[in-house]
1. Can you tell me which residues in the range 24-33 are open to solvent by 30 Å² or more (accessible area, probe 1.4 Å), of a type outside the set (A, V, I, L, M) and either at pLDDT below 85 or closer than 12 Å to residue 3 by Cα (or both)?
2. Could you list all residues from the range 69-88 that are surrounded by fewer than 19 Cβ atoms within 10 Å (Cβ to Cβ), over 12 Å from residue 39 (Cα atoms) and at pLDDT 85 or above?
3. Which of the residues belonging to the range 95-115 are open to solvent by 10 Å² or more (accessible area, probe 1.4 Å) and either under 15 Å from residue 79 (Cα atoms) or part of a strand (DSSP E or B) (or both)?
4. Given the conditions (1) at pLDDT below 85; (2) charged (D, E, K, R); (3) in a strand (DSSP E or B), and given that residue 140 satisfies all but one, which numbered condition is not satisfied?
5. Is it the case that some residue within the range 11-21 is assigned to a loop (DSSP other than H, G, I, E, B), open to solvent by 30 Å² or more (accessible area, probe 1.4 Å) and within 27 Å of residue 142 (Cβ to Cβ)?
6. Residues in the range 54-66 that are more than 17 Å from residue 83 (Cα to Cα) and either of a type in the set (Val, Ile, Thr) or within 16 Å of the chain's Cα centre (by Cα) (or both): how many?
7. Under 6 Å between Cβ atoms, which residue pairs at least 6 apart in sequence (or on different chains) link something in the range 112-128 that is closer than 16 Å to residue 95 by Cβ and touching a residue at least 40 places away in the same chain (Cβ under 8 Å) with a partner that is surrounded by fewer than 20 Cβ atoms within 10 Å (Cβ to Cβ) and polar (S, T, N, Q)?
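The values are calculated or read from the model by the stated rules, or taken from the named source; none is laboratory data. Everything numeric in this text was worked out from a predicted model, so none of it was measured. Note that we place each Cβ from the backbone using ideal geometry, even for glycine, and neighbour counts take in every protein chain shown. These area figures cover heavy atoms from the full protein model, side chains too; ligands, DNA and RNA do not enter into them. Shrake-Rupley method; radii C 1.70, N 1.55, O 1.52, S 1.80 Å.
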Amino acid sequence: YCEGVFLLDKKTGTLSRYDIWDEDTFRKEIESGSIITISPTPDGRFLVFARKTYILDPETRHCRQFTSEPSISPTHLCFWKDSDAYARGGTGLYRLNLKDLKIYQVNGIENTPVYSAALYNDELYYASNKGLFKRKLDCEHSHRVGTHLLKHVTNLTTDEAGYLWIASDGAIFRHDGRSFIAYDESDGLIRSEILCG
C-alpha cells in the first residue's frame, strides 16, 4: 500500500499499520513515492519491495535491507529458482540471493522496460514493449522469440501442463517451446482487454 505495510483483519474488514521500519526509514520510504509490494518467501518470510528491498521475518518483525548498486530497484517478484528470487523493476531483471541478501542484475543494460518474466524450460523469458526475449540464466545474451508474432508483450505465466502463456498485442499466445498458438478476437477475446492478460 502506498502508505506502508498493513494487516487486514478479515473478520472486521479493518486495516492496521504493520510497522517494520523505524520512523525515519518509514518517512523516507513513503516520501520516495515508491509503491510498496510484498511477496512471501518459501521459508515463511516476506520480500518487501519499496524504495529499497528488504526481507521481513513476521515472527520477530526483524526487517533487513538487501545490498545492491544504487541503480538497482526491483519492484515485483517474478519467480523462484532454487533458493533465489527473481524480480523485475524498470528496465532490469534481478536475482535476489536470500542467503547473503545481495541483489544482482541478470539482464545486462538494455533500455527497454521489463513488464513480466517467467522461468520456462530452465530458460529466462521476459516481456517488453519490444517483444518476447529469452536467455539462459548463466548467459549474458538475450534473443527475441516469435519475432513475427509478438511485438508488445505485457504478461507471462506458466502452467502445470508445461506451457508458457503470453499476453501480447491483442492476443494471448500459448507456447510449448517450439510453436505458438494464438487466442484472439476469433476466439471471443476483446482486443482492448487482452493486454492486461
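1. 27, 28, 31, 32, 33
2. Within the range 69-88, 81, 82, 83, 84 meet the criteria.
3. Answer for the range 95-115, where residues must be open to solvent by 10 Å² or more (accessible area, probe 1.4 Å) and either under 15 Å from residue 79 (Cα atoms) or part of a strand (DSSP E or B) (or both): 95, 97, 98, 102, 103, 104, 105, 106, 115.
4. (3)
5. Going residue by residue through the range 11-21, those that are assigned to a loop (DSSP other than H, G, I, E, B) are 11-13, 18-21.
Right, trim to open to solvent by 30 Å² or more (accessible area, probe 1.4 Å) and you get 11-13, 19, 21.
Now drop any that are not within 27 Å of residue 142 (Cβ to Cβ), which leaves none.
Looking through the range 11-21, none of the residues is assigned to a loop (DSSP other than H, G, I, E, B), open to solvent by 30 Å² or more (accessible area, probe 1.4 Å) and within 27 Å of residue 142 (Cβ to Cβ).
6. The total comes to 1.
7. Sorted first by the residue in the range 112-128, then by its partner, the pairs are 118/158.
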